[in-house]
Amino acid sequence: MSSEGNLQGDTIGGNTSDITGCHALSNSITVTRDDSGESCPSQNLLGVPIINEVNSNGNVELKNVGNDTIDVSPFFLCNFPNYMLIDSASIICGSKQIAPGEYVTIDASLLNYGPDDGEIGLYKDDVFSQASSILDYLEWGSTGHGRSVVAVNAEIWTMGTFIEAFSNGMSLLYDGEGDDSTDWIEGNSSDCEENILGIIQEQDHSKFSFSISPNPVSEFATLTFSNKEDATRGLMYIYDQSGALRMESIVAVEDGVENQINLSHLEQGVYFIKVFSSEQSYYDKFIVH
């Protein structure tokens with residue numbers, strides 16, 4: 001049986017003649033019931049691909065939130081009236097065979113979208129007007145793009161809503177919950193990694209900067225500042241991926257000055273370090289392994 005929208009009467013033990021709603025049945029089949037359940041193997045959910053990040057440079061990241069590896073090669077991406085088969089796309093990182101919880105970032109520049117206005121739809125086939133074919137969707141800058149009605153009919157988007165336009169060099173990041181425009185924020189690109197959520201995303205246009213080495217780091221790191229001739233002190237904050245503050249300290253901010261940081265108490269993962277000094281700020285990302 002295939003269906004679109006909500007059905008009624010599709011209950012266990014019921015009769016197909018009692019089902020109402022938009023549906024169709026194939027040729028007749030014989031059903032052999034086994035109340036013991038012993039002959040019915042347990043099954044996991046299949047792979048479930050979603051759009052996880054849309055970068056202003058034309059890269060689109062997909063994530064598998066299901067329980068099985070899925071091949072997205074035969075799927076399509078759409079920015080009406082432009083379409084592309086994922087199998088023909090260049091891989092930035094990851095694999096088109098996406099394992100559970102993993103990512104693939106592809107070059108989707110052929111869709112010709114920009115940060116000011118656009119839409120991205122993920123389709124399991126090339127029947128682009130059918131709600132049963134679209135898997136995920138977002139639109140930004142304005143509402144009413146070419147495939148937004150299809151997404152609304154598939155109940156994965158809300159009519160009349162859209163995400164605000166984002167900046168060049170930035171990305172739209174999915175927060176992992178829901179199908180609303182409010183589930184997307186502007187932030188820094190994080191290809192094939194967890195999205196950077198929960199902290200200030202935009203880099204301040206500061207006069208000073210710093211580097212952290214080694215990166216990745218296991219225990220101790222060196223924070224070296226540049227472009228800061230006058231010696232001052234700054235406040236250093238370290239956040240984890242959820243935005244939780246994990247460490248704070250006072251550091252010396254001066255061109256060429258090296259600050260030793262003990263990071264041995266941090267678990268493995270991605271972290272973000274930000275320093276405020278003289279009404280300026282700068283931040284970077286590092287990995288603990």
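Bear in mind that the values in this text are calculations on the coordinates, not laboratory data. All values reported here derive from a predicted model rather than from experimental measurement. All Cβ positions, glycine included, derive from the backbone under ideal geometry; neighbour counts span all protein chains shown.
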* Asked: Mean residue ellipticity at 222 nm from the helices of the chain, using -39,500 (n - 2.57) per DSSP H segment of n ≥ 4 over the full residue count, to the nearest 500 deg cm²/dmol?
  -> -500 deg cm²/dmol
* For the chain, fraction of C-alpha pairs farther apart than 36 Å, in % -> 34 percent
* Just how many pairs of Lys in the chain have C-alpha atoms closer than 24 Å, counting pairs that are eight or more places apart or on different chains? -> 10
* Give me the distance between the Cα centres of the stretch 206-265 and the stretch 121-142, rounded to whole Å. => 43 Å
* Asked: Where does each of ARG233, ARG246 land when they are ranked from fewest to most other beta-carbon atoms within 10 angstrom?
  -> ARG233, ARG246
* Asked: Just going by the charge dipole of the stretch 74-156, with Lys and Arg at +1 and Asp and Glu at -1 on Cβ, which of SER142, TYR113, CYS93 is farthest out on the positive end?
  -> CYS93
* Structure fact -> Once the mean of 1/r over all distinct C-alpha pairs in the stretch 209-288 is inverted, the Kirkwood radius in Å reads 12.6 Å
* **Hypothetical label at ASP180: residues of the stretch 129-165 whose amide nitrogen lies under 11 Å (7 Å Cα-Cβ projection)** => 158
* **Förster radius 25 Å - calculated FRET efficiency between ILE250 and GLU194 (Cβ-Cβ, nearest 0.05)** => 0.30
* To do: With an 8 Å cut-off on Cα pairs and a minimum separation of 6 or more residues, tell me the relative contact order of the stretch 49-187 in percent.
  => 23 percent
* FRET efficiency for GLN260 and SER142, Cβ-Cβ distance as r, R0 = 41 Å, nearest 0.05? -> 0.25
* Asked: Which value in nm describes the separation of the simple spin-label points at THR16 and ASP284, placed 7 Å from the Cα toward the beta carbon?
  -> 6.5 nm
* Against the globular-protein guess of 2.2 N^0.38 Å, express the Cα radius of gyration of the stretch 49-187 as a ratio, rounded to two decimals. => 0.94
* **Estimated FRET transfer efficiency (MET1, ARG33; beta-carbon r; R0 22 Å; 0.05)** => 0.80
* Remind me, relative contact order of the chain in percent, using alpha carbon pairs under 8 angstrom and six or more residues apart? -> 11 percent
